[in-house]
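Since every read-out is calculated from the coordinates, none of them should be taken as a lab result. Note that the coordinates shown come from a computational prediction; the quantities given were computed from them, not determined experimentally. FYI the Cβ positions are ideal-geometry reconstructions off the backbone, even for glycines, and counts take in every protein chain you see.
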Amino acid sequence: MTTNTLRSVQFSENLSGTPSHSLIHNIDGYGFQRPEGFDFDSYEEFMSSYLTILAKRSARWTSIVRRRGTVSKSAKVKRFCRKGIPAEHRPMVWMNVSGAAQKMRENPGLYAQILKADYDPRLVETVSMDINRTFPENIYFAVSRDRNSLQRPLFNVLVAIGHKNSKVEYCQGMNFVVALMLLVMKNEEKAFWLMDTLINNILPDYYNPDMTAIKVEQEVLGELVRLRDPELHSKIERLEVPWCLVGIKWFLCLFADVLPTETVLRIWDCLFYEGPKILLRVAVTIILINKDKFMRCTNFSEATTVLRNIINDSKSVMDCHAFIQKIFTEPKSFPRAKIKKLRKECITKIR
Amino acid sequence: MKDSNSSTKDSHPPNGFARKGSSTSTEVFDNSCKVMLIGDSGSGKTCLLVRFKDGAFLSGSFISTVGIDFRNKVVDVDGTKVKLQIWDTAGQERFRSITKAYYRDANALLLLYDVTNKTSFDNIRAWLAEINEYAQEDVVIMLLGNKADMAAERVIRREEGEKLAKDHNVAFMETSAKTGMNVDLAFMAVARDLKMKKTRKPSDPSFNVAEYVTKEQQTSGCCGS
């Protein structure tokens, strides 16, 4: 751990956040290789209409950002987040609506200080094992000595998070979340504070070693599906798919490496403002829009294949704009009190 | 030694195999065989599975498994189709609080360590203790020393793995997801065991998976054993 690598990295601007650059490429705007069998025709069709939406949203955002150079929480900003944050404003908006910007201001130099201190060798070993296994298909995370490689920043942020949050340490899944944050934030220290805010304030207990919160959340998912569509719920129960296994990766990776990148970022636009309810909305929506496929399953294996193939299902999840609209309409109302009550009931199920 | 089933390659299965409701030997088992891959993080569970499933080695392009991943493969055991439902689990200790609940329904557990990582080997006893607590009595357990191709980095000798397996009365092999050594055998032995359990008549000799893999396996290197 030499000190010259400790300063937070300012990434070069060749990390383009604008999807329009990628229309014809096998690599998307965030450096991800497109999956095998990627449906370019549908994607191009979607993008041609989405670009218009993006341009409109960009103009609206610019008009509210221009006044103060920043944003704070308000009904208007919440509505704007649901409609999508343009790539150029995303880092600033995420930092502000999540509360990470304030934390960073209140703790100047803390990140560098953590990285300068001694590391717990066990934590280093655990984290190191996953660095080469995080988005290897992304050009910025591929094993390389390239100066632009984000492998070292990924290691730094995960180790710093582990030291600052000794109760959580490191949980597999955090590697994918931090990696995607780095691709968007283009700044190591900001990614650190955003992750710190996420695990302490937005999704408290999610990454705890006992996994209780993550198990409860999946049982809540099951109950929400039961309320919204009893027929589908009992079908999934008959297929003997445990709710507890449906969404571990969904909830721990916050849909990174599960859904297409642009869709994940649109989910995060809402998540940093509104919290874990958003993840439940997305999970319920995924189950509901795949109803026909689940209903056709005759056994457990077929059901797991449906779950595996969600990322390849271009029509329903690639159109991120339509998908995000669906998460607010399909699961219907989602009162906070109801979720709280369900969490309380579900905790008894898993013990 | 007991090769009672390899002589029947025709349409008549050994031991007068006939399942409830099935009339021909080529019919797929109505119940599939659940195999779980367990072992420390980085021991090569996903790579072993991909090698078996797709015959490929994921050098530098595989990701850490978060939670559980499922794959299915139908294999042929002497003319009978056996459907393997394979559960690939996350190795990190905290995930065991989720995965161990499912040992109970597993027909087979493939327990991996990495021959180049001493900790992963030292943890095998703890894994076995947990298996004893949660799995069924008749579950097939196979201890696999993976990455056997990495001769220069090896820190666990083959004999150490063999002894540990013997002490705990489980089957043992060294494997390499990279070269493919013994990978198919590990899964096929499990499929064979399940098929034998389903079709064996009380008078038939029982199938011993440990003896079977001892006889069939390859060993690594020129002076492997």
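Take the Cβ atoms of residue B:122 and residue A:165, set R0 to 35 Å, and the FRET efficiency comes out at 0.80.
Which trypsin sites (Lys or Arg not before Pro) from the range A:159-236 combine a DSSP loop assignment with at most 13 other Cβ atoms within 10 Å?
Numbers: sites: A:164, A:167, A:186, A:190, A:215, A:226, A:228, A:235; in loops: A:167, A:186.
Of the trypsin sites (Lys or Arg not before Pro), the ones in loops of the range A:159-236 whose Cβ has at most 13 other Cβ atoms within 10 Å are A:167.
Among A:224, A:51, A:254, a tally of other beta-carbon atoms within 10 Å of each Cβ gives an order, fewest to most, of A:51, A:224, A:254.
Computed across the protein assembly as shown, the Kirkwood hydrodynamic radius from all distinct Cα-Cα pairs reaches 25.7 Å. What average count of beta carbons from other chains do you get within 10 Å of the Cβ of residues in B:90-100? Whole-number average of other-chain Cβ neighbours for B:90-100 is 5.
Of the GluC sites (Glu not before Pro) in the range B:126-225, the ones in a loop by DSSP (not H, G, I, E or B) with at most 10 other beta carbons within 10 Å are B:137. Based on every Cα atom in the range A:212-350, Rg and the maximum pairwise Cα distance Dmax equal 14.0, 40 Å. If you plug the beta carbon distance of residue A:345 and residue B:81 into 1/(1 + (r/R0)^6) with R0 = 45 Å, you get a FRET efficiency near 0.55. Between residue A:63 and residue A:148, the modelled labels are 3.5 nm apart [label points 7 Å from Cα along Cα→Cβ].
Can you give the log10 of the normalised intensity I(q)/I(0) at q = 0.25, 0.32 Å⁻¹, computed with Debye over equal Cα scatterers of the range A:41-86? For the range A:41-86 at q = 0.25, 0.32 Å⁻¹, log10 I(q)/I(0) is -0.88, -1.17. Each of A:267, A:214 was scored by other Cβ atoms within 10 Å of its Cβ. Listed from fewest to most, they are A:267, A:214.
Can you figure out the FRET efficiency of residue A:277 with residue B:59, using R₀ = 35 Å and their beta-carbon distance, to the nearest 0.05? Could the numbers behind the result be given before it?
Numbers: r = 41 Å, r/R0 = 1.17.
In this case the efficiency is close to 0.30.
Partner aspartates and glutamates whose Cα lies under 18 Å from the Cα of residue A:78, excluding those fewer than 8 positions away in the same chain, are identified as A:88, A:269, A:274. Among A:328, A:232, A:220, which residue has its Cα positioned farthest towards the positive end of the charge dipole of the range A:212-350, with +1 placed on the Cβ of Lys and Arg, -1 on the Cβ of Asp and Glu, and the dipole taken about the Cα centre? Going by the Cα projections, it comes out as A:220. According to the Cα-based calculation, Rg over Rh for the range B:37-107 is 1.00, with Rh computed by the Kirkwood formula.
Length gained on full extension, residue A:137 to residue A:34: 36.2 nm, using 0.36 nm per residue less the C-alpha separation. The coefficient of translational diffusion for the range A:170-241, derived via Stokes-Einstein from the alpha carbon Kirkwood radius under 4 °C and 1.567 mPa s, stands at 90 µm²/s.
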